[in-house]
1. I'd like to compare 25-36, 60-71, 1-12: which one has the highest average count of other Cβ atoms within 10 Å, and what's the full order after that?
2. Between residue 75 and residue 60, what is 0.36 nm times their sequence separation minus the Cα-Cα distance? Round to one decimal in nm.
3. What fraction, in whole percent, of alpha-carbon pairs in the chain exceed 18 Å separation?
């Protein structure tokens, strides 16, 4: 997300700034509408939670291996979030 947003922030700060509902650097919804602002805000909080929980849970090297079903669930959720970023960018670029 740093590369996409142009920010040097990390973790929750990166997600909060990049996916802001008032001044988004990366849009996942049309923030000109109330619905879009709500979607953008929800996405911001989901991405902040992903960084705060999943990244920190897995990134420090002192944890035991997680059960494979947990790993698959995390991969699916993160894949879905990243797909939303890519899908909106593609729509915004083409139309």
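Values in this text are rule-based calculations from the coordinates and carry no lab data. Computed from a prediction, not measured in an experiment: that's the story for all the values here. Cβ atoms come from the backbone with ideal geometry, glycine included; neighbour counts cover every protein chain shown.
1. Values: 25-36: 15.7, 60-71: 8.5, 1-12: 12.8.
Peptide ranking by packing, descending: 25-36, 1-12, 60-71.
2. Values: separation 15, 0.36 × 15 = 5.40 nm, distance 1.80 nm.
Contour length minus the Cα-Cα distance gives 3.6 nm.
3. Details: 2178 of 4465 pairs.
Tail fraction, whole percent: 49.
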